[in-house]
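Report on one structure; see the data block that follows.
Read the figures in this text as sums done on the coordinates, not as results from a lab. The model shown is predicted, which means the values in this text are computed figures rather than measured ones. Every residue, glycine among them, receives a Cβ derived from its backbone with ideal geometry; neighbour counts consider all protein chains shown.
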Amino acid sequence: SRPSHRVGFPVASRRPVRAIVSGAVIRVVVYTKARWFQMVILHVTVQVKPESVRDYLEAVRHDAEHSERDEPGCLRFDVVQDRDDPHRFYYYEVYKDEAALEAHRQSPHFKLYAEKTRPWLGAPPERRFGRNLIPADADWR
């Protein structure tokens with residue numbers, strides 16, 4: 001178990017807030033109406049082999065669309081293509097909490113995506129976790 005500590009930071013809300021820092025994962029916790037939100041923000045960078053971009057886009061579209069439509073804990077799943085490198089893609093994913101992220105990783109559409117895209121990648125994906133500041137966690141859908 002990694003040590004964690006709590007830090008405070010200002011937000012545009014009067015709700016009690018705290019951030020929990022543990023290793024590379026930063027979670028924002030907002031208490032509102034007798035319920036804690038611990039949103040997980042995930043940024044992923046993916047480099048795709050040039051000959052695989054078309055197949056990759058089909059697979060990632062399926063995963064992103066099903067993530068937002070079928071997973072109540074997936075609040076956002078954006079896929080962005082780099083302007084200067086058309087083989088590099090960025091994901092911006094927002095999950096209600098750690099359990100929602102784990103549910104995403106266990107979903108049939110994610111497992112299919114991970115299996116299909118592995119041979120199309122030019123490098124291992126880079127994953128970064130961040131903390132949500134604006135809008136406040138409680139203001140998300």
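A simple count of charges around TYR91, restricted to other residues whose Cβ falls under 11 Å of its Cβ and scoring Lys, Arg +1 and Asp, Glu -1, yields -1. For the range 43-141, the calculated P(r), taken from all Cα-Cα distances in 5 Å bins from zero up to the bin holding the longest distance, is 2, 12, 23, 25, 18, 11, 6, 2, 0 percent.
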